[in-house]
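S.K.: My questions will all concern the structure given below.
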Amino acid sequence: MTSDNRIGPPNFGSERDMLRAFLDYHRATLAMKCEGLTDEELRQQSMPPSTLSLLGLVRHMAEVERAWFRRVFEDNDAPMVWSEKIDFQAAYDASASTRAEAFAAWEAEVENSRRIEREAESMDHAGYQPRWEEEVSLRMVMVHVLLEYGRHNGHADLLREGVDGTVGA
């Protein structure tokens with residue numbers, strides 16, 4: 001990690017502004033954890049039998065963004081990025097992936113998620129989660145995705161340290 005260009009969430013703001021800011025902060029954190037590494041380093045796995053890698057996390061979070069924004073609010077039948085069925089584990093296999101491929105998919109899904117959130121009239125905007133066969137609110141989706149980033153950024157901390165010893169932020 002060469003620099004920390006993340007914009008910290010505000011101390012005050014509306015619920016929506018806070019959730020939006022924290023999501024963007026965690027998105028930037030994942031990108032920062034991958035900064036300055038080669039494709040090979042990004043594919044470096046944690047420890048057997050786990051196939052977890054930084055690049056796998058980026059791919060997984062592209063799937064998360066798609067599953068919780070695009071599939072819930074726009075197209076319940078939209079295919080996943082790396083699997084024909086709903087298989088979040090498929091994204092973790094980054095053995096043949098590159099930074100360019102993974103980040104292009106992730107960044108496209110993030111931009112789509114941001115657009116969906118901006119266009120929603122309120123946090124009570126309802127969508128349909130096809131895996132649960134239930135309606136969910138935009139508020140619930142934003143909190144859920146934020147928790148996903150928080151958990152996986154903890155993994156990213158350990159993965160980055162394992163690659164080159166870099167710790168912090």
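S.K.: If you plug each phi of the stretch 137-146 into the Karplus form 6.51 cos²θ - 1.76 cosθ + 1.60 with θ = phi - 60°, what whole-Hz ³J(HN,Hα) values come out, in order, with x for Gly and Pro?
M.R.: Karplus values, whole Hz, x for Gly and Pro: 8, 4, 4, 4, 4, 5, 5, 4, 5, 4.
S.K.: Find, among the chymotrypsin sites (Phe, Trp or Tyr not before Pro) in the stretch 60-169, those assigned to loop by DSSP (not H, G, I, E, B) with at most 12 other beta-carbon atoms within 10 angstrom.
M.R.: Answer by residue number: Trp132.
S.K.: So what's Rg/Rh here for the stretch 72-169, counting alpha carbon atoms and using the Kirkwood radius for Rh?
M.R.: With Rg and the Kirkwood Rh in hand, the quotient comes to 1.01.
S.K.: What is the distance in Å between the Cα centroid of the stretch 22-82 and that of the stretch 131-169?
M.R.: 9
S.K.: Could you give the radius of gyration (one decimal) and Dmax (whole number) of the Cα atoms in the chain, in Å?
M.R.: 15.9, 46
S.K.: Going by accessible area, probe 1.4 Å, with all protein chains left in place, what is the ranking of Arg118, Arg71, Arg20, Arg131, largest first? Spell out each step's value before the answer.
M.R.: Details: Arg118 140, Arg71 20, Arg20 80, Arg131 100 Å².
Accessible-area ranking of Arg118, Arg71, Arg20, Arg131, largest first: Arg118, Arg131, Arg20, Arg71.
S.K.: Can you compute the modelled spin-label distance between Glu134 and Gln89, with each label point 7 Å from Cα toward Cβ, in nm?
M.R.: Inter-label distance under the simple model: 2.4 nm.
S.K.: Report the Stokes-Einstein translational diffusion coefficient (µm² s⁻¹, integer) for the stretch 1-94, Rh taken as the Kirkwood radius over Cα pairs, at 10 °C with viscosity 1.306 mPa s.
M.R.: It comes out at roughly 106 µm²/s.
S.K.: With springs only between Cα atoms under 10 Å, which of Met123, Met142, Met61 fluctuates most in a Gaussian network model of the chain?
M.R.: Highest fluctuation of the listed residues: Met123.
S.K.: Between Ala78 and Met18, what FRET efficiency comes out of the Förster formula 1/(1 + (r/R0)^6) with R0 = 30 Å and r the beta carbon distance, rounded to 0.05?
M.R.: According to the calculation, E is roughly 0.60.
S.K.: Please get the size of the charge dipole for the chain, origin at its Cα centre, with Cβ charges of +1 on Lys and Arg and -1 on Asp and Glu, quoted in debye to the nearest 20.
M.R.: Roughly 260 debye for the chain.
S.K.: While we're here: What does the convex hull of the alpha-carbon atoms of the stretch 19-64 project to on average, in nm²?
M.R.: Answer in nm², one decimal: 3.7.
S.K.: I need two numbers for the stretch 67-125: Rg to one decimal and Dmax as a whole number, Cα atoms only, in Å.
M.R.: Rg, Dmax (Cα atoms, Å): 13.1, 41.
S.K.: In a GNM of the chain with a 10 Å cut-off on Cα contacts, which of Thr98, Thr38, Thr29 has the highest mean-square fluctuation?
M.R.: For the chain, modelled as a Gaussian network with Cα springs under 10 Å, the answer is Thr38.
S.K.: Report the full-extension gain for the segment Thr51 to Glu101: residue separation times 0.36 nm, less the Cα-Cα distance, to one decimal in nm.
M.R.: 16.2 nm
The values are calculated or read from the model by the stated rules, or taken from the named source; none is laboratory data. Note that the structure is predicted; figures quoted are calculated from it, not measured. Cβ atoms come from the backbone with ideal geometry, glycine included; neighbour counts cover every protein chain shown. Heads up: the accessible areas ignore ligands, DNA and RNA and are worked out on the full protein's heavy atoms, side chains in. Shrake-Rupley method; radii C 1.70, N 1.55, O 1.52, S 1.80 Å.
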